[in-house]
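Here's the structure we're looking at; comments come further down.
The values are calculated or read from the model by the stated rules, or taken from the named source; none is laboratory data. Keep in mind the model is a prediction, meaning the values are calculated, not measured. Here the Cβ positions follow ideal geometry from the backbone for every residue, glycine too, while neighbour counts run over all protein chains shown.
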Amino acid sequence: MQSAKTATVRVSRRFNASPERVFDAWLDPERARRFLFTRPGQTVIRAEIDARVGGSYLFVARRDGVDYDHVGKYLEIDRPRRLVFTLQVPQVWSDFNRVTIEIAPVAGGCELTLVHEAALAEFEDRLRGGWTAFLEGLELVASEREPARVR
Amino acid sequence: MVKSAARRKTPPARLDAVFHALADATRRSILRGVAERPKTVGEIARPYRVSLAAVSKHLKVLERADLIRREKRGSFQIVRLNAAPMRAAEEWIRRYERFWNRQLDALQDLLDREDSR
């Protein structure tokens, strides 16, 4: 759902692993660095996690010789159900972002739902970029896109 | 004298207003219509079996989202598309969906690698 102040993206995924195992992967630096903030051509070279409510994390991801800091604070830690943290990537995203992960047990594993909320200020910056007709975008948004979509 | 609403300085549209505006089929259809070319309110209303007042209500919602701009031409109002807010909404969603799906793909790979050990 959209609130007045944020925009939201929701993705979900089913894993053939226990909720605990999936949950712990987000907070164990050795496991987290092997998936979180990685991508082809981007490696996490440093991962520090202070897994307490109010604790911080720092992931340094290196791509093309440039280091990108991913930083945030843990707001809620409720193993293995729910994890909420803030996320900033100062070089890339300027604004406040909050990520909520919910993990529910299902037969044979678990289902993870991730909701990313971003403060509106980010759009305001983007919207100042001028206005051009963009029919492709119109068609896409109008016919397929919903504000919060579960895969 | 031509009074241009587009030239007035308006605050940036809010993304939730954009999504609300796009959630209605009639409003999407109106947008596609004015995307082809700017139209008068009468031209916009013609294809729909609704009152001019109802169309005017839809136009207000679209205007709040900054998806259209109105210009006065004499006694007519010309309505134009303003695609920037929509484009920003679309880009934002796609960017973050891609980003998080990539993370979840990588998490799946990690779990698979651990399983095969």
For the stretch A:11-58, give me each residue that is farther than 21 Å from A:PRO80 by Cβ and either within 14 Å of chain B (Cβ to nearest Cβ) or in contact (Cβ under 8 Å) with a residue 40 or more places away in the chain (or both).
A:PHE37, A:THR38, A:ARG39, A:PRO40, A:GLY41, A:GLN42, A:THR43, A:VAL44
Would it be correct to say that B:PRO85 is exposed (fewer than 14 other Cβ atoms within 10 Å of the Cβ) and either at the interface with chain A (Cβ under 9 Å from one of its Cβ atoms) or not in a helix (DSSP H, G or I) (or both)?
no
In the stretch B:19-40, residues that are outside any loop (DSSP other than H, G, I, E, B), modelled with pLDDT under 80 and among the aliphatic types (A, V, I, L, M) total 1
Yes or no: B:LEU59 in a helix (DSSP H, G or I) and either within 14 Å of another protein chain (Cβ to nearest Cβ) or of a type outside the set (A, V, I, L, M) (or both)?
no
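Would you call B:VAL50 at negative phi, more than 8 Å from every other protein chain (Cβ to nearest Cβ) and loosely packed, with under 14 Cβ neighbours inside 10 Å?
Judged against the criteria, B:VAL50 is a match.
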Between B:ARG98, B:ARG7, which is over 12 Å from the mean Cα position of the chain (by Cα), surrounded by fewer than 20 Cβ atoms within 10 Å (Cβ to Cβ) and either outside any helix (DSSP H, G or I) or at pLDDT 90 or above (or both)?
B:ARG7
For A:VAL53, indicate whether it is under 29 Å from B:SER29 (Cα atoms) and either in a loop (DSSP other than H, G, I, E, B) or at pLDDT 95 or above (or both).
no
